[in-house]
1. Within the stretch 246-286, restricting attention to residues that are among the hydrophobic types (A, V, I, L, M, F, W, C) and closer than 24 Å to TRP118 by Cβ, which residue is surrounded by the most Cβ atoms within 10 Å (Cβ to Cβ)?
2. Please tell me if GLU178 is of a type in the set (Asp, Glu) and touching a helix residue (DSSP H, G or I) at 6+ places or on another chain (Cβ under 9 Å).
3. In this structure, does PHE80 turn out to be within 14 Å of the ligand (Cβ to nearest atom), under 30 Å from HIS281 (Cα atoms) and hydrophobic (A, V, I, L, M, F, W, C)?
4. Hey, among the residues in the stretch 27-45 that are surrounded by 24 or more Cβ atoms within 10 Å (Cβ to Cβ) and of a type outside the set (Ser, Thr, Tyr), which one's nearest to the ligand (Cβ to nearest atom)?
5. Taking the condition of being more than 30 Å from TRP143 (Cβ to Cβ), among the small types (Gly, Ala, Ser) and more than 16 Å from the ligand (Cβ to nearest atom), how many residues in the stretch 186-229 meet it?
6. If we keep just the residues of the stretch 123-141 that are buried (at least 18 other Cβ atoms within 10 Å of the Cβ) and over 17 Å from VAL22 (Cβ atoms), which is farthest from the ligand (Cβ to nearest atom)?
7. Could you tell me how many of the residues in the stretch 45-55 are more than 21 Å from HIS117 (Cβ to Cβ) and not in a helix (DSSP H, G or I)?
8. Taking the stretch 187-227 only, how many residues are under 19 Å from THR263 (Cβ atoms) and not charged (D, E, K, R)?
Amino acid sequence: MATQTLSANMVWRRFGSAKRDVSVIGQGTWYIDDADRASAIAALRRGLDLGMNHIDTAEMYGDAELVVGEAIDGRRDEAFVVSKVLPTHASRQGTIASCERSLARLRTDRLDCYLLHWRGPYPLEDTIAAFEDLRRDGKILSWGVSNFDVADLEEAWLISDRITCNQILYHLEERAIEDAVIPWCEAHGVAITGYSPFGHGRFPGPRTARGRVLAEIAAAHHATPRQVALAFLTRRPSLFTIPKASSPDHTTENARAAELPLTGAEIARIDGAFPRGRRPHGLPTL
Ligand SMILES: NC(=O)c1ccc[n+]([C@@H]2O[C@H](COP(=O)([O-])OP(=O)(O)OC[C@H]3O[C@@H](n4cnc5c(N)ncnc54)[C@H](OP(=O)(O)O)[C@@H]3O)[C@@H](O)[C@H]2O)c1
């Protein structure tokens, strides 16, 4: 699509118990280190220009933390930086060591939110105790979880009610979290960050029936199908999304979804075209 003006009206919302305003459309970074480095950094900085302060990364994502570190250099206060500890590192000492390494790669003295990437071999009590140590030391502002189903959330909540967010798979063709996870998070004031909003690169094509629904709604708003998808995925106050883009034009397109007002009828039409399906046995992940 053509380059758009930089006049996105970003929307920020309170991010759970972090008590910080975070852009509803953020920036993912998985595989961003595979892209041309200058383009990736320009994309992330374009996002900051457009108010996309939510930058998501992880120790698992190769050199992505280095790319983010370069992008936020001199602009740290504009960003809400989220990183994640690998479950195999998430012992009490291991979590602290992973966080220190992430801080060094990101060239910063603090993370705004630190997540357990998914449940692993260590007791949740140990990981959460480490998160609390890091929080007290000012190395993280808040902490949360990722890929947690309701039973995991219940277990973690019994240990501490400081869970800021749950980062989970959420795109038009994978809406399983709407059954129970979204209601649980909303009832407990936990922000929901939906990952892979474009299906990790498998977005409905323009020649499919579903793709045509998105294109028709997009045309009515002089928008794009991806913008329609992002607007749908952030339609509730609890929802945040983190598309990954490695070109400034993609970032601009994604940012402008925040100003797209879908009508109730359009939301119902998307709901019909992308039905939730049966409740899955386990939480889908990527
Ligand atoms: N917690 C977890 O377990 C977990 C798991 C998966 C992902 N995540 C997070 O969620 C983020 C997003 O998910 P994802 O990376 O899996 O996939 P995604 O955001 O669904 O899709 C990324 C793909 O969409 C393309 N794209 C982005 N904006 C576009 C636009 N406006 N027009 C056309 N193409 C566009 C990107 O291309 P370009 O790169 O060429 O721009 C890339 O190929 C990750 O980067 C990561 O931060 C978390």
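The values are calculated or read from the model by the stated rules, or taken from the named source; none is laboratory data. Remember, it's a predicted structure, so these values are computed and weren't measured experimentally. Positions of Cβ are generated from backbone atoms using ideal geometry, with glycine treated the same way; all protein chains shown enter the neighbour counts.
1. Going residue by residue through the stretch 246-286, those that are among the hydrophobic types (A, V, I, L, M, F, W, C) are 255, 257-258, 260, 262, 265, 267-268, 270, 273-274, 283, 286.
With closer than 24 Å to TRP118 by Cβ added as a condition, the list becomes 283, 286.
Working: LEU283: 20, LEU286: 12.
Taking the candidates together, the pick is LEU283.
2. Numbers: of a type in the set (Asp, Glu): yes; touching a helix residue (DSSP H, G or I) at 6+ places or on another chain (Cβ under 9 Å): no.
Against the criterion (of a type in the set (Asp, Glu) and touching a helix residue (DSSP H, G or I) at 6+ places or on another chain (Cβ under 9 Å)), GLU178 does not qualify.
3. Criteria not met by PHE80.
4. Just the residues of the stretch 27-45 that are surrounded by 24 or more Cβ atoms within 10 Å (Cβ to Cβ), to begin with: 27-29, 32, 40, 43-44.
In the following step, the residues that additionally are of a type outside the set (Ser, Thr, Tyr) were identified as 27-28, 32, 40, 43-44.
On the way: GLN27: 8, GLY28: 2, ILE32: 7, ALA40: 8, ALA43: 7, LEU44: 11 Å.
Filtering the stretch 27-45 for residues that are surrounded by 24 or more Cβ atoms within 10 Å (Cβ to Cβ) and of a type outside the set (Ser, Thr, Tyr), the one nearest to the ligand (Cβ to nearest atom) comes out as GLY28.
5. Looking only at that region, the number is 3.
6. Per the criteria, the residue is LYS139.
7. Number satisfying all stated conditions: 4.
8. Selection size over the stretch 187-227: 13.
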